[in-house]
1. Using only helices, what value at 222 nm comes out for the chain when you add -39,500 (n - 2.57) per DSSP H run of length 4 or more and divide by the total residues, to the nearest 500 deg cm²/dmol?
2. Taking trypsin sites (Lys or Arg not before Pro) as exposed when DSSP calls them loop (any state but H, G, I, E, B) and at most 12 other Cβ atoms lie within 10 Å, what is the longest stretch of the chain free of them, the sites themselves excluded?
3. Could you tell me how many degrees, from 0 to 90 and to the nearest 10, lie between the Cα long axis of helix 73-82 and the main elongation axis, the longest principal axis, of the Cα atoms of the chain?
4. What list of ³J(HN,Hα) couplings, whole Hz, do you get for the stretch 29-39 from phi and the Karplus terms 6.51, -1.76, 1.60, once you set θ to phi - 60° and write x for glycine and proline?
5. Take the Cα radius of gyration of the chain and divide it by 2.2 N^0.38 Å, with N its residue count; two decimals is plenty.
6. Kindly write out, for the stretch 6-17 in residue order, the coupling ³J(HN,Hα) from the Karplus curve 6.51 cos²θ - 1.76 cosθ + 1.60 (θ = phi - 60°), rounded to whole Hz, with x marking Gly and Pro.
7. Could you please state how large a percent of the accessible area of the chain is carbon and sulfur, counting protein chains only and using a 1.4 Å probe?
Amino acid sequence: MSPLVAGLAPRGRMIVVGAAADPISVSTAELIFGTRSIAGSLTGSSIENEDNLAFSQARGVHPMNEIMSLAEAPKAYERMLSGEARFRVVLDTAA
């Protein structure tokens, strides 16, 4: 995530919502002179979530999912644990 800080617009904020093992390294000048900020949140606030959904809808952003039937739940779980799942695995209970 470190290289992304320099790409923030002036007064831009990076909201970190995922835990990663590697630290975020940032130049203090990138924060101070650009009045940028970095914040962490478990899921983001409700307003940030609404903003993200509105942005996605306005820009045509769609999630990338692997959809599997509920009967395939063990296989889906194994794909997740093995790292074979490329996208979010969603179980379709209606299938």
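The values are calculated or read from the model by the stated rules, or taken from the named source; none is laboratory data. Every value quoted in this text rests on a predicted model; they were computed, and no experiment measured them. Positions of Cβ are backbone-derived with ideal geometry, glycine not excepted, and every protein chain shown enters the neighbour counts. The area values use the complete protein model at the heavy-atom level, side chains included, leaving out ligands, DNA and RNA. Shrake-Rupley method; radii C 1.70, N 1.55, O 1.52, S 1.80 Å.
1. One gets -9000 deg cm²/dmol as the mean residue ellipticity at 222 nm.
2. That would be 12-85.
3. Value to nearest ten degrees: 40.
4. The phi angles translate into 4, 4, 7, 5, 6, x, 6, 8, 8, 10, 9 Hz.
5. Here the answer is 1.43, to two decimals.
6. Each residue's phi maps through the Karplus curve to give 5, x, 6, 5, x, 6, x, 10, 9, 9, 8, 10 Hz.
7. Of the solvent-accessible surface of the chain, carbon and sulfur hold 59 percent.
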